[in-house]
Amino acid sequence: MKETVTGVRLQKILSTAGVASRRASEQIILEGRVTVNGEVVRTLGTRADPAKDAVKVDGRRIKLDVRNRYIVLYKPKGYVTTRSDPEGRRTVMDLIGEGAYIYPVGRLDYDSEGLLLMMTDGDLAARLTHPRHEVEKVYEVIVMGAPDGAAIEKLRQGVFIDGRRTAPAHVSVGTTVKGPRPTTLLTITLHEGRNRQIRKMCRAVGLPVRDLRRVRMGAISLGRLKPGHWRDLTPREVETLKKS
């Protein structure tokens, strides 16, 4: 393919179109999933003119003349936060019901529920999930048992999981339901997003998690959304996310 010197880098075209973040778009290019005018491109830094060249990902032509889409979804338990699943499990795309290149921002475990942002803006998604920006994520967590002050303080100060200490977290203790198997509601605010982090943190201090629900990310909260439902973010909410 004859490269367009004055064009736009392919990874930027893909990111602007909402296919993925720039870093993820580079991987998509290296995997040979991108064609320009019918020719497979694997070289990073290749440029194209989105107004003239036919840029396709997995055989589907991408469009730059559409507005970015931003939605908030109440993910129920039993769904994976990916566009597809090799194990055949239900994905959040089954709830959205759209074939657009809209992607989850970060992850929410299969057995967890709550707020999930999804968007076509790859650059914003990458910024929101990068540890450097420390975007707040708030969770309501029901743990087994009645935690003492020492366990809560450990959660607040950080515990070792997967070989390294977690960052300090804000933890408040709610109601304890007494009985043969007591449970306690905790509200935990994190500024990082490691794999199954809250479940591992709580298990490390002897508090197995029964239920976990994310209720806020940055300035966006679940509000009155019901499980399985979603809504578009307002322009003001989108601007707030970009500033965060």
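Observations
- Test: residue in segment 161-176 that is of a type outside the set (D, E, K, R), over 24 Å from P131 (Cα atoms), assigned to a helix (DSSP H, G or I) and over 18 Å from the mean Cα position of the chain (by Cα): no
- Only one of the numbered conditions (1) over 27 Å from A204 (Cβ atoms); (2) over 12 Å from the mean Cα position of the chain (by Cα); (3) at pLDDT 90 or above is not met by M119, and that is (2).
- Taking (1) at pLDDT 90 or above; (2) crowded, with 16+ Cβ neighbours inside 10 Å; (3) over 14 Å from L233 (Cβ atoms) in turn, V135 satisfies each apart from (1).
- Condition met for T187 (surrounded by 14 or more Cβ atoms within 10 Å (Cβ to Cβ), among the β-branched types (V, I, T) and in contact with a Gly (Cβ under 7 Å, 6 or more places away or on another chain)): yes
- Residue count, segment 35-57 (criterion: surrounded by 12 or more Cβ atoms within 10 Å (Cβ to Cβ) and under 25 Å from T129 (Cα atoms)): 2
- For segment 68-90, the count of residues that are closer than 30 Å to P235 by Cβ and over 18 Å from the mean Cα position of the chain (by Cα) is zero.
- Segment 82-111, subset outside any strand (DSSP E or B) and in contact with a helix residue (DSSP H, G or I) (Cβ under 8 Å, 6 or more places away or on another chain), residue farthest from L222 (Cα to Cα): S84
- Residue under evaluation A48, criteria (1) over 28 Å from E192 (Cα atoms); (2) free of Cβ contacts under 8 Å to residues at least 40 places away in the same chain; (3) among the small types (G, A, S), criterion not met: (2)
- Test result for L44, in contact with a Lys or Arg (Cβ under 7 Å, 6 or more places away or on another chain) and farther than 22 Å from I220 by Cα: no
- Figure legend. Inter-residue proximity from segment 207-230: first residues closer than 19 Å to I152 by Cβ and in the same structural domain as I188 (by TED's automatic domain parsing), second residues of a type in the set (D, E, K, R) and part of a loop (DSSP other than H, G, I, E, B), beta-carbon distance below 8 Å, spacing 6+ or different chains. Indicated pairs: L212/D109; L212/D111.
- Flag for A146 being more than 27 Å from G18 (Cα to Cα), part of a loop (DSSP other than H, G, I, E, B) and in contact with a strand residue (DSSP E or B) (Cβ under 6 Å, 6 or more places away or on another chain): yes
The values are calculated or read from the model by the stated rules, or taken from the named source; none is laboratory data. For clarity, every value in this text was computed on a predicted model and none was experimentally measured. Using ideal geometry, Cβ is built from the backbone for each residue, glycine included, and neighbour counts are taken over all protein chains shown.
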